[in-house]
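Below is one structure, written out as structure tokens, with a few remarks after it.
The values are calculated or read from the model by the stated rules, or taken from the named source; none is laboratory data. The structure displayed is predicted, hence computed values, not measured ones. Heads up, the Cβs are rebuilt from the backbone with ideal geometry, glycines too, and the neighbour counts pull from every protein chain shown. Just so you know, the surface numbers come from the protein's heavy atoms only, side chains and all, with ligands and any DNA or RNA stripped out. Shrake-Rupley method; radii C 1.70, N 1.55, O 1.52, S 1.80 Å.
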Amino acid sequence: MRIGIDLGGTKIEGIAIADEGVERLRRRIPAPRHNYQATLSAITGLVADIEREIRARGSVGVGIPGAISPATGLVKNANSTWLIGQPLADDLQRLLGRPVRLANDANCFALSEATDGAAAGAPSVFGVIIGTGTGGGLVVNGRVVTGANAIAGEWGHNPLPARRDDERPGPKCYCGRRGCVETFLSGPALARDFAQHGGDTATAEEIARRAAAGDPLSCETLARYEDRMARALGTIINVIDPDVIVLGGGLSNIDRLYENVPKLWAPYVFSDCVITRLVRAKHGDSSGVRGAAWLWE
Ligand SMILES: [Zn+2]
């Protein structure tokens, strides 16, 4: 039995899946905020609850909103800031009395979709989560590529490629730079772009709905968005050349992306033809927790 834990900013989800990927049980609890010790207790308690229920001991994989620094073994790059600098992997292994695998939540997403999701069987898969941010993860031959700095797949803080005059220097990003991919492709970025081009304060979801109904201003906003996504993914294709790019997160529900973006990325890819597939996640919001379980092959 594999147990997967998805440690989010507001909730912790746990799942037990059997060998063939069948979900046996799922639990969701609120995530303690700003309290590392309480976070440890919540995770170990959740694993104990799941094992009591399924009457079996499982392997444990944990998806975290950050990464374990290869240099220090401590959590870094976490937007749940109370985890930063903590020995989360060591503490969980000690408390659970077994080896525990941890990975960035976007890496877990990519692993889930590569294992038995929308990219099942593909040799190389780039998974992208586009919602409040723009995370990414890379899976090659069924395994997460973590990278020397544990940042493989973190395309969101690359500068948007081939920026037009009106995209320079670009919006300020929380990482300290300007014009990051995330400042153009996240949900809030889409809403900001709409407002800057004469729209109201509609959310990304509402803009997508209006575009589907034919509203010209919303259609123009999505066309700009698609062109930017094509440029950003074009550089990914040049470097990684994945078989499949899987989109997850709230903005992955915009149907037209799957048709339009691949039509636009050719000029940015160094190849006479591009057969990379752009697909929507199969497991939706469950991919994080499923991928955490799959960290154990
Ligand atoms: Zn940034």
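Estimated at the nearest 10 Å², the accessible area of VAL279 is 30 Å² with a 1.4 Å probe. Along segment 251-259 the Karplus relation, 6.51 cos²θ - 1.76 cosθ + 1.60 evaluated at θ = phi - 60°, assigns HN-Hα couplings of 6, 5, 7, 7, 4, 5, 4, 6, 8 Hz to successive residues, with x for each Gly and Pro. Oblate is the label for segment 59-121, because the ratio a/c of its alpha-carbon gyration tensor axes (a ≥ b ≥ c) is 1.5 or higher and a/b is not greater than b/c.
Only Cα pairs under 8 Å and 6+ residues apart enter the sum, and on that basis the relative contact order of segment 21-123 stands at 24 percent.
Classify segment 215-297 as rounded, prolate or oblate from the Cα gyration tensor: take a ≥ b ≥ c as the square roots of its eigenvalues, call it rounded if a/c is under 1.5, otherwise prolate when a/b beats b/c and oblate if not. The shape class here is oblate.
Would you please classify the overall shape of the chain from the alpha carbon gyration tensor, given that a ≥ b ≥ c denote the square roots of the eigenvalues, rounded means a/c under 1.5, and beyond that prolate means a/b larger than b/c while oblate covers the rest? Prolate, since a/c reaches 1.5 and a/b exceeds b/c. In this rough spin-label picture, where each label sits 7 Å from Cα along the Cβ direction, the ALA71-ASP116 distance is 3.9 nm. Per residue, the average separation of C-alpha pairs within less than 8 Å and at least 6 apart gives segment 74-183 a relative contact order of 16 percent. Label sites at ALA213 and ALA148, each approximated as a point 7 angstrom past Cα along Cα to Cβ, lie 5.2 nm apart. Each residue of segment 156-162 was assigned a 3J(HN,Hα) from its phi angle through the Karplus curve 6.51 cos²θ - 1.76 cosθ + 1.60 (θ = phi - 60°); the sequence is x, 10, 6, x, 4, x, 6 Hz, with glycine and proline shown as x. On a per residue basis, segment 10-128 carries 43 Å² of accessible surface, using protein heavy atoms and a 1.4 Å probe. Per residue, segment 246-297 exposes 51 Å² of accessible surface when a 1.4 Å probe is rolled over the protein heavy atoms with every protein chain present. Rounded to whole numbers, the Karplus 3J(HN,Hα) couplings from phi for segment 102-109 are 10, 8, 4, 5, 6, 5, 5, 4 Hz, using 6.51 cos²θ - 1.76 cosθ + 1.60 with θ = phi - 60°, and x at Gly and Pro. Take every Cα pair under 8 Å whose residues are at least 6 apart in sequence, average their separation, divide by the length of the chain, and the relative contact order is 21 percent.
Positive end of the charge dipole of the chain (Lys, Arg +1 and Asp, Glu -1 on Cβ, about the Cα centre): tell me which of LEU295, GLY153, ILE275 has its Cα farthest that way. Value: LEU295.
Across the chain, the longest piece that holds none of the chymotrypsin sites (Phe, Trp or Tyr not before Pro) lying in DSSP loops with up to 11 other C-beta atoms within 10 Å covers 1-173.
Surface composition of the chain: carbon and sulfur make up 52 percent of the accessible area, probe 1.4 Å. With a 1.4 Å probe rolled over the protein heavy atoms of all chains, the accessible area of HIS283, HIS197, HIS34 falls in the order HIS34, HIS197, HIS283, largest first.
The aspartates and glutamates within cross-link reach of LYS76, meaning a Cα-to-Cα straight distance under 12 Å and a gap of 8 or more places when in the same chain, come to none at all.
Within the full protein context, the accessible area of LYS11 is estimated at about 60 Å² for a probe radius of 1.4 Å.
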